[in-house]
1. Counting Lys and Arg as +1 and Asp and Glu as -1, each charge on the Cβ, what is the dipole of the range 293-432 about the Cα centre in debye, to the nearest 20?
2. Rounded, prolate or oblate: which fits the chain, taking a ≥ b ≥ c as square roots of the Cα gyration tensor eigenvalues, rounded meaning a/c under 1.5, else prolate when a/b beats b/c?
3. Name the residues whose placed amide hydrogens come within less than 5 Å of the amide hydrogen of Ile41, ignoring near sequence neighbours (fewer than 5 apart) on the same chain.
4. In a shell of Cβ-Cβ distance under 12 Å around Asp202, excluding Asp202 itself, what net charge do Lys and Arg (+1) and Asp and Glu (-1) give?
5. For a protection proxy built on the mean count of beta-carbon atoms within 10 angstrom, sort 90-98, 195-203, 467-475 highest first, please.
6. Filter the trypsin sites (Lys or Arg not before Pro) in the range 250-309 to those in DSSP coil with at most 14 other Cβ atoms within 10 Å of their Cβ, and list the result.
7. Considering only the other residues whose Cβ falls under 9 Å of the Cβ of Tyr338, what net charge follows from Lys and Arg at +1 and Asp and Glu at -1?
8. PRE reach from Arg281 (point 7 Å along Cα→Cβ): which of the range 294-332 fall under 20 Å by backbone N?
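Values quoted throughout were computed directly from the atomic coordinates according to the rules given, and no laboratory measurement underlies them. Because the structure is a prediction, the values reported are computed rather than measured. Because the Cβ atoms are built from the backbone with ideal geometry, glycine has one as well, and the counts that use them run over all protein chains shown.
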Amino acid sequence: MAKTAKKAAGQARAKAARKAARPAKAAYRKHTAFGGRMVMIGFGSIGQGVLPLILRHIDMKPSQITVISPEDRGGGAELAKFGVTFVRKRLTQDNLSQVLGKRIGKGDFVVNLSVEVASTALIELCQEKGALYIDTCIEPWPGGYSDPSLSVSHRSNYALRDRALALRDKFKGGPTAVIAHGANPGLVSHFVKRAMLNIAKDTGHAVATPTTRQGWGELARDLGIKVIHIAERDTQVSAKPKEVGEFVNTWSIDGFVSEGGQPAEMGWGTHEKTLPRDGVRHDFGCDAAIYLNRPGLHTRVRTWTPKEGPFQGFIITHNEAISLADYFTLRNGKRASYRPTVHYAYHPCDQAIMSMHEIVGKNLVQQKRQRLIVDEIESGIDELGVLLMGHAKGAYWYGSQLSIDEARKLAPYNNATSLQVCAPVLSGIIWALENPQAGLVEADEMDFERNLEICMPYLGPVVGRYSDWTPLQGRGQLFPEDIDENDPWQFRNFRVA
Ligand SMILES: NC(=O)c1ccc[n+]([C@@H]2O[C@H](COP(=O)([O-])OP(=O)(O)OC[C@H]3O[C@@H](n4cnc5c(N)ncnc54)[C@H](O)[C@@H]3O)[C@@H](O)[C@H]2O)c1
């Protein structure tokens, strides 16, 4: 098919899906009402995907919303159609309080879906103005991920999280600021709790749903959970092959490359026998996590999802690897007596794998061209869930298996990946409106059942599956391998040498 015909076919497909995604208005439940001003910062794949959901499920008018973004990726005209105000501006350290400050006050809401705008600066401004806040990852100002004058430890997500959480005491009891609440970080913290309760039920642990952090930690320990992977396999594919010199992905390419260039990080479990040869502890903060002295873009681990089976994913650093490990830590005095190892094990779409291969070969110098695939996706699913290992039934995966076709039916302007992010952005906003004075919170501290209730209609099939898979399966048969046969759940066994 000629290039233009192909493009037209993709657009027609997306338009038809958009139309199909518009059931009778009465079918959309309004979860809450909002009367203030809402400022959305950034209007990329997630901003564009979440806006229709906000208008669908929150009783408010489009005229209450302003989008601030430095580029108009075709969004300006769409926004005008919606009746939303568009301000074309790049937020910087110098103009932040002037540009954003005049647009927010007590009871307003900032929805940060940008890259390169420091979350901590936004949180401080919101707290000072009395506005609510949500983001999907803790972003620094430009260069924060790749400043060679910073130590590896200070370029980590551990450090970004530590700096954000330091604002807690300063703004105790202030307006709710939800930190890092997309799919992962975000939704996966709620999946972990649901998965633990399912394992408890299936293994004869009679428990009431814990109501405290200590209670959740004790349940994780009593179930014997040693390792938690955020195990994700994205099989969405465009008919147009990746070209040499371009990065193709199903969500933010800048976001992915930035976090992929950070050190591989993981919550470090108390069952681990030895620190990896390149593993380092931080000399500040909660001590729940370590980092490897290498970027996540070329650090692989073995993992498993129900549809894909065994595969290798990348340890891209994420807030949830640290927050979950920290949340479930039990202490004996100062010493951690229980903590699971937690990290991301991500297989992005195949065209992103080729893009990563290219960028790694050029020592992380990013390609000049980017292609975010949404309308042109031909097929595939995003299988995103949590894999809890070490308990009586071995391994248990719980998560969403959302296909591109179903995503298109459920909501406009989305692919499967973005919808898995946009649903928890929506639920995080609603939760914040329902709990407006909670101060700074992470996903782990929010009501998981309320968030899941709001997200579920947008996640496609959400399934739980047990498996006898371990990272030792099929190992050491043809070549000698550095494995610990006595404990399958050691990080050493998961890591791809
Ligand atoms: N938690 C999760 O599951 C999850 C998943 C996907 C993305 N994210 C995060 O969400 C954020 C948005 O992702 P995306 O896929 O929409 O990214 P994107 O790259 O598609 O869009 C980013 C947007 O930020 C805007 N922007 C860049 N610099 C800006 C500035 N200085 N001021 C204002 N706006 C600016 C861009 O113009 C663009 O509109 C990223 O931080 C990403 O890492 C989180």
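1. Its charge dipole is roughly 780 debye.
2. Since a/c stays below 1.5, the shape of the chain is classed as rounded.
3. Ile68, Val111, Asn112, Leu113
4. +3
5. Peptide ranking by packing, descending: 195-203, 467-475, 90-98.
6. Sites meeting the loop and neighbour criteria: Lys273, Arg277, Lys307.
7. Charge balance near Tyr338 sits at +2.
8. Answer for this model: 294, 321-332.
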